[in-house]
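Every read-out reported here was derived from the displayed coordinates using simple, explicitly stated rules and does not represent laboratory data. Note that the coordinates shown come from a computational prediction; the quantities given were computed from them, not determined experimentally. No Cβ is skipped: glycine too gets one built from the backbone with ideal geometry, and neighbour counts run over all protein chains shown.
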Amino acid sequence: MNQVRINSLFAEQLIDFRHLVTFKKQTKDQFLQKIKETYSLENVKTRLFYAACKESMFNTIKLSILRDHILFNQ
């Protein structure tokens, strides 16, 4: 299994951006693109979340079947 290292700011803010996480597995690059397509990076909160996501170390992200967990590298 690949190593996961999540930036603390990313972890804290993920709750506000959780609607971007789907049941379908997304690569980190796809998730970053989804952030850019959905929100303006001119917004400070979004820009910080985007940067923290880029700094985090994971390959894929998806929502668990029960919608109670966000899974990385699954």
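Cβ-Cβ contacts under 6 Å between residues 6 or more apart (or on different chains), taken from a first residue in the stretch 49-73 that is free of Cβ contacts under 8 Å to residues at least 40 places away in the same chain to a second residue that is of a type in the set (S, T, N, Q), are listed as 60/27; 60/73; 71/64.
Of the residues making up the stretch 9-28, those that are over 18 Å from residue 73 (Cα atoms) and either free of Cβ contacts under 8 Å to residues at least 12 places away in the same chain or polar (S, T, N, Q) (or both) are 12, 13, 15, 19.
Within the stretch 21-51, track down each residue that is touching a Ser or Thr at 6+ places or on another chain (Cβ under 8 Å), within 19 Å of residue 4 (Cα to Cα) and not in a loop (DSSP other than H, G, I, E, B).
26, 27, 28
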